[in-house]
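The values are calculated or read from the model by the stated rules, or taken from the named source; none is laboratory data. Since the structure is predicted, the reported quantities are computational estimates derived from the model, not experimental observations. Here the Cβ positions follow ideal geometry from the backbone for every residue, glycine too, while neighbour counts run over all protein chains shown.
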Amino acid sequence: MAHGAAQPGIGDLLWPALNFALFVAVLVRYGGGPLREFFRARTERLRAALAAGARARGEAQSLRARLAQDVAGLPALLERLRADLRATAEQERTTLLDLGRQAGERIREDARLLAAQELASARDALRAEVVEETAREAAALVRAAIRSDDQERLVREFVSTARAAS
């Protein structure tokens, strides 16, 4: 034995083993209930966390499947929306054309009525002008045709007619 190292004996092994056994006995005697409760609660928490994780994974897979289905249906949805927009635009076009035709028809009818009124007004004005001109011409012709002896005779006839009427 060089360097003065001592040989381990049975006592060096027995005392630590006995010390550990006493430590375990004290732990079991006084700490067994709380340790069991701690590990039981920990086990429950772990089970709950695992169940929540499984639920979350299931929901995520379900959501992923729905999203994949929605993505797969996007071209059909896009085509359906395009068809709906075309149908709506065609309907609006038809409606606007009908409204335009109706407005054009109303404008034509109003123009016809206005033209008829203007024609009647022009006819009446022309008739009044012709009557007035005819009266002027007739007056001029009568003045030119009547002589002074005709005028005296007309006045006498008028006076005699007026006396007879009174």
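Just a few scattered comments:
- Some residue of the range 135-155 being within 30 Å of Leu67 (Cβ to Cβ), of a type outside the set (A, V, I, L, M, F, W, C) and in a helix (DSSP H, G or I): no
- Consider the range 1-29 and keep the residues that are in a loop (DSSP other than H, G, I, E, B) and aliphatic (A, V, I, L, M). The one that is modelled with the highest pLDDT is Ala6.
- Within this structure, Thr88 passes the test of being β-branched (Val, Ile, Thr), part of a helix (DSSP H, G or I) and within 52 Å of the chain's Cα centre (by Cα).
- Any hit, the range 37-46, residues being surrounded by 10 or more Cβ atoms within 10 Å (Cβ to Cβ), within 54 Å of the chain's Cα centre (by Cα) and modelled with pLDDT under 90: no
- Taken residue by residue, the range 117-126 has at least one member that is of a type in the set (Ser, Thr, Tyr), surrounded by 10 or more Cβ atoms within 10 Å (Cβ to Cβ) and out of contact with any helix residue (DSSP H, G or I) (no Cβ under 8 Å at 6 or more places or on another chain).
- Of Ala21, Ala51, all but one fail to be surrounded by 10 or more Cβ atoms within 10 Å (Cβ to Cβ) and under 60 Å from the mean Cα position of the chain (by Cα); the exception is Ala51.
- Among the residues of this structure, Arg80 does not count as one that is more than 30 Å from Leu67 (Cα to Cα) and either loosely packed, with under 10 Cβ neighbours inside 10 Å or without any contact (Cβ under 8 Å) to a residue 60 or more places away in the chain (or both).
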